[in-house]
Amino acid sequence: MDAELEVKIANFWRWFGGEHMLLERELEGATWLSVQKLDRYVRALDDRLRWDIGPGEHAPWMFVLSPNGQRELLEITEAIMEHAPELPRWEFHAARPKKHWAEGRRRFDYDGIEVDAGDWTYWLEPHGSYFEITWIVPDLDALHGIDPEALGHHLLECEVGEKNRLRHFTGVNIASAAEWSTVLVAEPIGTLRARWP
């Protein structure tokens, strides 16, 4: 890591540690001055990174610094998170975590279209140290108007998290169940996240 990035990381966490309570109040009250400052600080670290704040999995608040789907940026977000302060009401992630589905149902809105992926299956094809995943969809016509590759990446990230997607997957496809080969046995979607805890 270069010295300039180290200084930026130290400045970012010094600012965050001093502002976290104000951030909490603003998020709860929907005022956004510190949130705007946070955006400027993240862009100063690297303007290719993205961030999100929301309810945490294990703490009231979660701050996610995302490599924005770029494998080469994951090392940067992890280096930044290594310096995160210990704050009792916050948890920090170097990539978007897995989605926790409400009642285990894989339903979500994607580009204005409701997608129910609960009965989707998948097939993994190894490519060296990576996998290519093919989502097998019962009704491909129901996804008309959606970019299938973008949807496939989104769902994969929801299931395994951004870090696992970047570290273990190289390609994503979507196929119709009617066209899928009966020779290859696809697995239910619910088994995927168990492979990458």
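For the reader, a short list of remarks on this structure follows.
- Neighbour counting of Cβ atoms within 10 Å sorts the residues S34, S176, S66, S129, fewest neighbours leading, into S129, S176, S34, S66.
- Once you divide the Cα radius of gyration of region 102-195 by 2.2 N^0.38 Å, the number left is 1.03.
- When each of M1, M81 is scored by the number of other beta-carbon atoms lying within 10 Å, the sequence from fewest to most is M1, M81.
- Antiparallel DSSP beta bridges within region 102-195, percent to nearest 5: 65
- Rg over Rh for region 1-111 works out to 0.98, using Cα positions for both radii and the Kirkwood form for Rh.
- Spatially proximal aspartates and glutamates relative to K163 (Cα-Cα < 14 Å; intrachain offsets below 8 disregarded): E72, E75, E78
- Rounded Å value of the spacing that divides the Cα centres of region 1-77 and region 136-197: 30
- Projected onto planes of every orientation and averaged, the convex hull of the alpha-carbon atoms in the chain covers 12.8 nm².
- Table column - 3J(HN,Hα) (Hz), region 131-147, Karplus curve with 6.51, -1.76, 1.60, x for Gly and Pro: 10, 10, 10, 10, 7, 9, 10, x, 10, 5, 5, 5, 9, 4, x, 9, 5
- Net charge dipole, the chain: roughly 460 debye, given to the nearest 20, about the Cα centre with Cβ charges of +1 for Lys and Arg and -1 for Asp and Glu.
- Overall, the ratio between the Cα radius of gyration of region 55-96 and 2.2 N^0.38 Å, rounded to two decimals, is 1.17.
- Summarising the strand pairing of the chain, around 65 percent of its internal DSSP beta bridges are antiparallel.
- Take the Kirkwood radius over Cα pairs of region 132-177, plug it into Stokes-Einstein at 4 °C and 1.567 mPa s, and you get 119 µm²/s for translational diffusion.
Every number in this text was worked out from the coordinates using simple rules, so none of it is lab data. Keep in mind that this is a model prediction, so the values were computed, not measured. Virtual Cβ from ideal backbone geometry, glycine too; neighbours counted across all protein chains shown.
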